[in-house]
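The values are calculated or read from the model by the stated rules, or taken from the named source; none is laboratory data. None of these values were measured; they are calculated from a predicted model. Methodologically, a virtual Cβ is constructed for each residue, glycine included, from the backbone with ideal geometry; neighbour enumeration extends over all protein chains shown.
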Amino acid sequence: MPELPDVQVLKEYLDSTALHQRIADVTIDADDMLEDVSSRTLKSRLRKHSLRSTRRHGKHLFVEIAGDGWLRLHFGMTGELEYSKGEREPGAHVRLRLDFANGFHLDYRNTRKLGQIGLVDDVDEYIEQAGLGPDPLASEFDLASFRQALAGRRGTIKGALMNQSALAGIGNIYADEILFQAKLHPKAKVNRLKPKTVEQLHRSLQRVLSRAIEARVDPERFPDDFLLPHRDAGGSCPRCGRELQKTKVSGRTTYYCASDQRRRT
DNA sequence: CCTATAGCCTGACGGC
DNA sequence: TGCCGTCAGGCTATAG
């Protein structure tokens, strides 16, 4: 699930709950999800420190450990965070639990283990080294940056939007939504797009991501013209009412409106 | 540069 | 009820 808007909501959740408290204990059950760090090291880097701030880039959440370094969380398809109080043992899919001195704990849960937990010294360096593209919600991500991100690419626009080294943060779901809002066919070729289309796509992209965040990624609070709540077999287009098409683009299940998304340039 | 494919891991769902 | 195949919103490695 967690794409850029979801991770932003998780970031704000963490910001409003788990910062500035001493970590009394750390439980890890995620050996195969740990990225370049041992369970032991991670534990000792976290314990007795507190979390100071967070940053998000694309689908990655970085949590500053007072003292030094950053905890990097990637959520894969099934990752989530929960801050709560209680003595209960971590549930089956809790990969990381931070117990705070105030009796609360923060759980990073991930059913399918497709995410990652890591430690990085320098966030910008990590982004660079991981080859992540720009974050489309960063203030400096203007039309020129978007053009730059698409420059020299071929293939489908949907594939390009989901390519994390072109742009960081868009996944299958939001790619569909952005293309729907831009009234563009998901198989349109990137290098065939008219400047005007790229401009419109840039607007749709920013609008979709920020609206989703405003709605706290709750489909019930999405604008009425969003595709996402209808993105299911048998779902119909919120604009024209026709049944949505289901197909594969760049290997991913894709829903679109054959009538409203005819444009390919 | 691109695509398609398989694989990582687990749970939900539909068909029999 | 149980078993089995399929599929899922991430990402990588491989081959072409």
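Okay, residues lined up against (1) outside the structural domain of A:ILE28 (by TED's automatic domain parsing); (2) buried (at least 17 other Cβ atoms within 10 Å of the Cβ); (3) within 16 Å of DNA strand B (Cβ to nearest atom); (4) closer than 18 Å to A:GLU12 by Cα:
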residue: A:ARG55; (1), (2), (3), (4): no, no, no, yes
residue: A:GLY69; (1), (2), (3), (4): no, yes, no, no
residue: A:MET77; (1), (2), (3), (4): no, no, yes, no
residue: A:GLU82; (1), (2), (3), (4): no, no, no, yes
residue: A:GLY91; (1), (2), (3), (4): no, no, yes, no
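Of the residues contained in the range A:219-233, none is found to be assigned to a loop (DSSP other than H, G, I, E, B), of a type in the set (Lys, Arg) and away from DNA strand C (no atom under 16 Å from the Cβ). Within the range A:236-253, residues that are within 21 Å of A:GLY171 (Cβ to Cβ) and at pLDDT below 90 have Cβ atoms under 7 Å from residues that are of a type outside the set (A, V, I, L, M, F, W, C) and not in a strand (DSSP E or B) in these pairs: A:SER250/A:LYS158; A:SER250/A:GLY159, counting only partners at least 6 apart in sequence or on another chain. Taking the criterion of being of a type in the set (Asp, Glu) and in contact (Cβ under 8 Å) with a residue 40 or more places away in the chain, the only residue of the range A:123-141 that qualifies is A:ASP135. Hey, can you tell me all the residues within the range A:119-129 that are farther than 14 Å from A:ARG55 by Cβ and outside any helix (DSSP H, G or I)? Within the range A:119-129, just A:LEU119 meets the criteria.
None of A:SER210, A:SER165, A:SER236 is surrounded by fewer than 21 Cβ atoms within 10 Å (Cβ to Cβ), over 26 Å from A:PHE75 (Cβ atoms) and not charged (D, E, K, R) except A:SER236.
Can you pull out the residues in the range A:148-166 that are among the charged types (D, E, K, R) and within 13 Å of DNA strand C (Cβ to nearest atom)? Write out each step before concluding.
Start the filter on the range A:148-166 by keeping residues that are among the charged types (D, E, K, R), which leaves A:153-154, A:158.
Of everything in the range A:148-166, those that are among the charged types (D, E, K, R) and within 13 Å of DNA strand C (Cβ to nearest atom) turn out to be A:ARG154, A:LYS158.
Just wondering, is there one or more residues in the range A:105-116 that are buried (at least 17 other Cβ atoms within 10 Å of the Cβ), within 16 Å of DNA strand B (Cβ to nearest atom) and over 15 Å from A:LEU10 (Cα atoms)?
Yes, the conditions are met somewhere in the range A:105-116.
Of all residues in the range A:161-197, those satisfying the criterion of being more than 26 Å from A:SER236 (Cα to Cα) and within 16 Å of DNA strand B (Cβ to nearest atom) are A:ASN163, A:GLN164, A:SER165, A:ALA166, A:LEU167, A:ALA168, A:VAL190, A:ASN191, A:ARG192, A:LEU193. If you go through the range A:142-196 and pick out every residue that is without any contact (Cβ under 8 Å) to a residue 12 or more places away in the chain and within 20 Å of A:PRO2 (Cβ to Cβ), you end up with 0. Here A:ALA175 clears all of (1) within 14 Å of the chain's Cα centre (by Cα); (2) in a loop (DSSP other than H, G, I, E, B); (3) closer than 25 Å to A:CYS257 by Cβ except the condition numbered (2). Scanning the range A:4-28 for residues that are free of Cβ contacts under 8 Å to residues at least 24 places away in the same chain and either more than 15 Å from the chain's Cα centre (by Cα) or part of a strand (DSSP E or B) (or both) yields a single hit, A:SER16. Picking from residues in the range A:205-231 that are of a type outside the set (A, V, I, L, M, F, W, C) and touching a strand residue (DSSP E or B) at 6+ places or on another chain (Cβ under 8 Å), the one that is farthest from DNA strand B (Cβ to nearest atom) is A:HIS230.
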